[in-house]
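Right, one structure below, let's go through it.
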Amino acid sequence: MIKRQTTLTGSTIYSHFRHLCPYHTWLLFNVGIQEEPLSPSDRLLIDMGISHEQEALVYFQKEYGDECVIISGKEGLSAENNIQFRFEQTLGAMEAGKSVIYHGVLKAEKNLVEGLDNIPQLLKGLRGETDFLFKIENNGDRGFDGYHYEVGDAKSSRSSKFCQQMQVTFYSWLLETAQGVRPQCGRILTRPLGVEKQPIPFREELFLVGDYIWTFKNFIEEEFAEILKKKEKDFFFHITGACESCSFYDYCMDRAASSNDLSLLPDIRKIQKRQLNKTGIHDIDTLAKAEDDIFKEAAKATGVTFDGLKKLKLQAQSTVTIQPIPRGVFASPREACLAITEYELDLPEDKDSTTSIDFSDSSLAHVYFDMESDPYLNVEYIFGIMVDEPANKGMRKKGKAEFFIAKDLSPKAEFTAFQSFLRRMDKIRKKYGEVGYIIFHYAHYEPTHLLKLAEKYEERAAGLIDKVDYLNRRMVDLYKLIKKTYYLPVPSYSIKDVAPCIKMLMKNLGRNGGHEWKKIQTLDELRKELNKSRWPEKEIKESVDEVRQTIDSFDLADEAMIFDASAAMSIVWFNLFLQHKKRVWMKLIQIYNEDDLIATRALVDWLLFMQKGAKKRNK
């Protein structure tokens, strides 16, 4: 079933200012959203939001007793009549001077919309459902007799965001008509780290409604009407990584794919695409063949350079030819690695013996490293490594995945896992020497968050920061290394795209390489995976039943959704592990983390393969 927006609500205001994409808003009202079962990761976020809101409600009920009222609907009424019923209940609670009103409904009064010049007809029924309305005492000359109300919304984010403030501003605008005075402040009840353990389970962030009301009114009176008047073909659209959270992501991807749109290229900026479009370049094939004169014309805009457009052309050529193209900055991956690590080490005098890292040195042990974390609970819950030892004739003996796990949310559990990981790294350092090993990771997360953990637990163990600092000096970021050496035919330089791309490139050469994530699709495949790990038959049956029950509770139409190999799903598994204490959820996390480690190894192997080719060419 497709749900099309028919009026402006708080959620559509939030959505518009979250994405800041006029095309997104047009799609809401003209195409609509296909109603489908929520993914487990979406369900987790919604459940967290509901939990945070309920914790706030419980606090207000304890604080204010009967002065905290809940506005609810009435059985037997239609949806529209229930809105009217709840609106009247809300007005009644406000007139009665209740201290806190939960789930109040506000509607646009006739005199409000008549005062707007360009308001579209469909906005005549605009309305909003607030989380909280708070009674504010005044001098008796505003609102009700000695008081008025201000809007509060509970959001499970760490701090308030612009889109949340605009949503509360919309509610405040509606509230103004109900009480005859504009609220001075809006309130966002956020969920900073650790606040759920405090007596007040939220942080109240205030902002001045007056600072936002004119932006809101400009949207209502001008921008919104213009958006609705446009035809779909008139919208400039540009897909970025941020678009993945949009409900129309698949719709826009289909549109982009059908036209081979420039936004399918990784790292292309919106201003670059606009300028290329103005010169007649709308698709990747045309960009791959473009002449320098076109780039000179497109580079006249501020923020667009000729060199930047030439790089995009090379990226387009890689995409069209399905071939890696050298970036030309370094003669080989080895030279790039030496330059990157030498620059980043910035060594103090007492570490003169440490040099830049040559990843092609066959005498070095390889450590592949990946961490998984829950940003909502602020815990690093698994540290995974694989160690490949140097062997004869430049070969390496492949190691198995090793995991160091935080089994609950306590600082003790996280610190224990962190310490176990560090002890293992101490053994590696002792076995292979100070500079006898390399730690490979992908992107900045691992070194950054290891240091944060060291700072967090510095008082628990002496020398943590120095120890982590040394590990960071033995690290090679494969993301940086690839971005300095080759253009690849990928939609993004995420490891999830790069590793399968390398698999395809090597297959085209008749060789093995690259990696694709393990795809458990069914409960039957899960059973086989657990059996392969030699779990007891009784536990296998209990684990499969546990996952089946979770699929039912999440109302998933396809059981494969519970096995989706992604960082978001890993967080869901960790939360299920915490709730149910069944090790099948941690096993799924380990399978996913091991896949990340194998993909990291595959990237190193490919870069070594490309290094050999570069070495032959340079002879």
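Quick note: the coordinates plus some simple rules give every number you see, no bench work behind them. Predicted model, so just to flag it, every value in this text is computed and none were measured. Every residue, glycine among them, receives a Cβ derived from its backbone with ideal geometry; neighbour counts consider all protein chains shown.
Using alpha carbons only, the radius of gyration of region 233-321 set against its Kirkwood radius gives Rg/Rh = 0.96. For region 2-230, the fraction of C-alpha pairs farther apart than 30 angstrom is 24 percent. Loop-resident GluC sites (Glu not before Pro) (DSSP state other than H, G, I, E or B) in region 190-244 with no more than 14 further Cβ atoms inside 10 Å of their Cβ are absent.
Within a straight-line Cα-Cα reach of under 17 Å, residue 107 can be paired with the following lysines, leaving aside sequence neighbours fewer than 8 residues apart in one chain: 124, 217. Residues whose amide H lies under 5 Å from that of residue 437, counting only those 5 or more places away or on a different chain, are 365; hydrogens are built 1.01 Å from N in the peptide plane.
Taken over region 333-490, the alpha-carbon convex hull comes to 134 cubic angstrom per residue. So how far, in whole Å, is the C-alpha centre of region 572-605 from the one of region 535-555? Here the two parts' Cα centres lie 17 Å apart. For the pair region 237-291 and region 1-55, the centres of their Cα atoms are 24 angstrom apart. Note that the chain, at 4 °C in a medium of 1.567 mPa s, gets a Stokes-Einstein diffusion coefficient of 46 µm²/s from its Kirkwood radius over C-alpha pairs. Counting only whole DSSP H helices of the chain, the ones at least 15 Å long by C-alpha along their axis and with mean Kyte-Doolittle hydropathy no lower than 0.0 are 162-179, 495-508, 567-580.
In terms of its C-alpha gyration tensor, region 535-588 comes out oblate, because a/c is 1.5 or above while a/b does not outweigh b/c.
Under the criterion of Cα pairs below 8 Å and six or more residues apart, the relative contact order for region 2-230 equals 20 percent. With a threshold of 24 Å on the Cα-Cα distance, the over-threshold entries among 3/233; 430/483; 393/496; 278/311 are 430/483; 393/496. With kT/(6 pi eta Rh) evaluated at 25 °C and eta = 0.890 mPa s, and Rh the Kirkwood radius from Cα pairs, region 465-560 diffuses with a coefficient of 141 µm²/s according to Stokes-Einstein. Applying a DSSP loop filter and a limit of 12 other Cβ atoms within 10 Å to the trypsin sites (Lys or Arg not before Pro) in region 236-338 leaves 300. Shown here for region 575-607: trypsin sites (Lys or Arg not before Pro) in loop regions (DSSP other than H, G, I, E, B) with at most 14 other Cβ atoms within 10 Å, namely 581. When both bridge partners sit in the chain, DSSP labels roughly 75% of those beta bridges antiparallel.
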